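Below is one structure; the comments refer to it alone.
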Amino acid sequence: MPRFSVIVPVYQVQAYLSECLDSVLSQSYSDLELIAVDDCSPDACGALIDEYAARDPRVKPVHLTENRGLGGTRNAGMAEATGDYLVFLDSDDTLTPNALQAIADRLKETRDPDVLVYDFARTFWNGEAVRNQVVAPLTQQGPAPFRLTDRPGLLRVLMVAWNKACRREFVEAEGFRFPPGYYEDTPWTYPVLMAAESIATLDRVCVHYRQRRRGNILSTTSRRHFDIFEQYDRVFAFVAERPALERWRPVLYGRMVDHFSTVFTKPDRLPRGTRAEFLRRARAHCRRYRTPGAALPSRTRLRHTLVRFGMHRTYRCLQLAMSVRRRMRTCAAGPARVLRAAALQLHYRIQLCLPLRTDHAVFAAYWGRGYGCNPGALEAAFRAYAPHIRTAWIAGPGHQRAVPPGPRLLRPGTAAYWTALARSTYLVNNVNFDRRLKKRPGQVFVQTQHGTPLKHMGLDLLEHPAAARGMDFEELLRGVDKWDYVLSANRHTTLTWERVYPGTYTTLEYGYPRNDVFQRATSDEVTRLRASLGIPEGAVAVLYAPTHRDYRAGRRPVLDLERVLRRLGPRFVILARAHYWHEGPWAGDNPAQDAAAEGGGRIIDVSGHPSVESLCLASDALLTDYSSLMFDYANLDRPIVVHTEDWDAYEATRGTYFDLRAFPPGAVARSEDELIGIFTTGHWCGSRSAQLRAAFRERFCPYDDGHAAERVVRRVVLGETEGLPPFVPLGERRPVPSAACGHPPLTSGPQPSGSFPVTERR
């Protein structure tokens, strides 16, 4: 029998679940069982639980056959518990280090009380942690254990299940169970504290209570918030059955009114048109349970009075007056806008009042830098699978030639641009639109993203100020709030996005649409692409695509491409592709034509080419460092070589999600000489390289089978949730081959020492 049964109810928290479970299993006090209850979660939570159970025998997985809600899920966990004490932990929260040891020590000191109440801290997306302010009742001074009558202030501590350890035999003897519905903690925690014969406290933060910006069930707009009335009915029914508890009625009444007023005043909880009804219900409960002696704090007396008497119109008038006051202050303090900007914004606001066009979609990519990436593939798919949708594409003045015939062209900042943003039903982008976009009810924002993350992104950049470069994280998250769907190519990406971009969106783990072309292109198309780029017939074309480095001010390439080509011989050609942040010719500081001249015309600057997918198809191998392009290129099943000479500096400045050198997509070069050796000995396309690439593809390319765009359109536009194209297994895919991959090594001879250091480990 373990000392603790830690019960974790799990539903749609795949981005946070591993952190939660790790916080339990890594505790210094190990006498525990971890009961993780999968409440029919539609994401990967069930699989994650099973993975943990396979690794650690203390994990007891429970998979429910139907969704029961938080209360029912906790009840299912209690039914499996065998520990002395029940410890509840929500699946997006974490235990602090050594928390269970501190709880165990305090239980021993206080002779195993029925309930131990401990402290918590709220943790926010920016890393800030704020300790619970109602800490005085948790003091460990004075006799312990005690009863609630000795310390009634405990009822002012947050009434939740996860800041208490409850003796299992006490819970079973009293028959305590969680009810269904919202606010299920209310009829659990009040009765538990009132019925306990012995209580102790621990003045220590044991739980980090994650303050999710979006996705918290109590922060969603729903009529389910009316469940609060039934929950307090249950509390007062418990008191009515036990005359000895009548003394607590005035306290419970005050707590109930305070809870009602909190729900009513939160702007995001009650649906429009239900606020007056909520106040009527609240007034009825106040009359039903009103008890003489129920004192209310002076700071909340006005709010409580409005709730108690159901004064809905008075409340609305006060709210309107405060809103007008705030707006007047804002207008007085703000600078005057230029006339054109004011006129465009007036036009935009007028368009927002007009009906949405259900057959219109607007697309953009890379802040208006032309046509392509996932939005480009989706725009074509919209026209193919949903031809009734009229598409428009946003492109800046210097990028409009890259947009193919089909979509209507929009220039940023024009009246037509604002009209499209205001009235199009579908908004598709791989970054955010203009921050002034007001997302309307009925609009659907598809955030396609633009790669699988190796480097840290989103909120993880809080730890890397050099990479963040003054990023406005508040503005970033306001943009996330507008997303309805986010595309993902693999589970690694899904778990990363949902954690670093917290929101209420739905993740579509369908693959990246931009990679569909890799499974559909033909050999003839590849031949035409190579000819258009000037690649000599029979040459081995290596696409060199380095990523941006936050710690370097210039754009000079890390590699000396001329030297590399001289060593490789005349059969090699390099397609040099600068990062999209580095607009202009290759290398920036060195004109592209000079580089091409030094390389004997075998360095082809493709930085301005509109389609990186076409460059991938035209090449025979990819040479990169830390660019996310490697994840896409792996779908072609062609050789990839990674150059990691400055890995330590890059990792320290930007941060990475895994060590690329330990799990690479092919050969790894730690210096320019090693890189040359990999190519001259043929290891770049050898069997070891193929083995590494196969493992990499299995992890990161499970869904890029050529049908990603079709799946997205059928789900988002046509509303199909079943019958989507099934995923083609990796072994059955036939991407267009590269002629060079079948050649034997281009030169013979011994491999230079260290030229392929990854061959001995995975």
Lone qualifier among 419, 414, 494, 391 - being hydroxyl-bearing (Ser, Thr, Tyr) and under 15 Å from the mean Cα position of the chain (by Cα): 494
Qualifying residue in the stretch 461-470 (condition: open to solvent by less than 30 Å² (accessible area, probe 1.4 Å) and touching a Lys or Arg at 6+ places or on another chain (Cβ under 7 Å)): yes
Conditions (1) touching an Asp or Glu at 6+ places or on another chain (Cβ under 8 Å); (2) hydroxyl-bearing (Ser, Thr, Tyr); (3) within 16 Å of residue 22 (Cβ to Cβ); number of the one not met by residue 73: (3)
Residues located in the stretch 668-708, provided they are open to solvent by 10 Å² or more (accessible area, probe 1.4 Å), outside any loop (DSSP other than H, G, I, E, B) and closer than 30 Å to residue 385 by Cβ: 697, 698, 699
Test: residue in the stretch 424-437 that is aromatic (Phe, Trp, Tyr), modelled with pLDDT of 95 or more, over 30 Å from residue 549 (Cβ atoms) and assigned to a helix (DSSP H, G or I): no
Count of residues meeting criterion [more than 27 Å from residue 704 (Cα to Cα) and touching a residue at least 24 places away in the same chain (Cβ under 8 Å)] in the stretch 426-442: 7
Checklist (1) open to solvent by less than 10 Å² (accessible area, probe 1.4 Å); (2) under 16 Å from the mean Cα position of the chain (by Cα); (3) of a type outside the set (D, E, K, R); (4) within 21 Å of residue 632 (Cα to Cα) applied to residue 544, failing item: (2)
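Give me a count of the residues in the stretch 373-408 that are farther than 25 Å from residue 615 by Cα, not charged (D, E, K, R) and not in a loop (DSSP other than H, G, I, E, B). Quick ask: steps written out before the conclusion?
Residues of the stretch 373-408 that are farther than 25 Å from residue 615 by Cα, as a first pass: 385-392, 408.
Adding the requirement that they be not charged (D, E, K, R) leaves 385-389, 391-392.
Imposing the further condition that a residue be not in a loop (DSSP other than H, G, I, E, B) reduces the set to 385, 391-392.
Here the count works out to 3.
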Residues located in the stretch 136-153, provided they are closer than 15 Å to residue 190 by Cα and polar (S, T, N, Q): 149
Scope the stretch 1-21; condition farther than 20 Å from residue 492 by Cβ, hydroxyl-bearing (Ser, Thr, Tyr) and open to solvent by 10 Å² or more (accessible area, probe 1.4 Å); matching residues: 11
Residue within the stretch 470-481 that is within 14 Å of the chain's Cα centre (by Cα), among the β-branched types (Val, Ile, Thr) and within 23 Å of residue 92 (Cα to Cα) present: yes
Residues of the stretch 102-144 classified as surrounded by 15 or more Cβ atoms within 10 Å (Cβ to Cβ) and in contact with a Ser or Thr (Cβ under 6 Å, 6 or more places away or on another chain), total: 5
Lone unmet requirement of (1) open to solvent by 20 Å² or more (accessible area, probe 1.4 Å); (2) modelled with pLDDT of 95 or more; (3) out of contact with any Cys (no Cβ under 9 Å at 6 or more places or on another chain); (4) assigned to a loop (DSSP other than H, G, I, E, B) for residue 66: (3)
The listed residue being small (Gly, Ala, Ser), surrounded by 22 or more Cβ atoms within 10 Å (Cβ to Cβ) and either within 20 Å of residue 486 (Cβ to Cβ) or at pLDDT 95 or above (or both), out of 364, 386, 380: 364
Residue identified as in contact (Cβ under 8 Å) with a residue 40 or more places away in the chain, more than 35 Å from the chain's Cα centre (by Cα) and open to solvent by 60 Å² or more (accessible area, probe 1.4 Å) among 147, 151, 224, 177: 147
Subset of the stretch 154-168 that is open to solvent by less than 10 Å² (accessible area, probe 1.4 Å) and either part of a loop (DSSP other than H, G, I, E, B) or among the acidic types (Asp, Glu) (or both) - its residue that is farthest from residue 8 (Cα to Cα): 157
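Here's the yes/no breakdown for (1) of a type in the set (A, V, I, L, M); (2) at pLDDT below 90; (3) open to solvent by 40 Å² or more (accessible area, probe 1.4 Å):
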| site | (1), (2), (3) |
| --- | --- |
| 242 | no, no, yes |
| 252 | yes, no, no |
| 263 | yes, yes, no |
| 266 | no, yes, yes |
| 269 | no, yes, no |
| 273 | no, yes, yes |
| 277 | no, yes, yes |
| 283 | no, yes, yes |
| 291 | no, yes, no |
Some residue of the stretch 196-204 being under 23 Å from residue 258 (Cβ atoms), surrounded by fewer than 16 Cβ atoms within 10 Å (Cβ to Cβ) and modelled with pLDDT of 95 or more: no
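The values are calculated or read from the model by the stated rules, or taken from the named source; none is laboratory data. For clarity, every value in this text was computed on a predicted model and none was experimentally measured. In this analysis, Cβ positions are derived from the backbone assuming ideal geometry, glycine residues included, and neighbour counts consider all displayed protein chains. When the accessible area is computed, the model is the full protein with side chains, heavy atoms only, and any ligands, DNA or RNA have been set aside. Shrake-Rupley method; radii C 1.70, N 1.55, O 1.52, S 1.80 Å.
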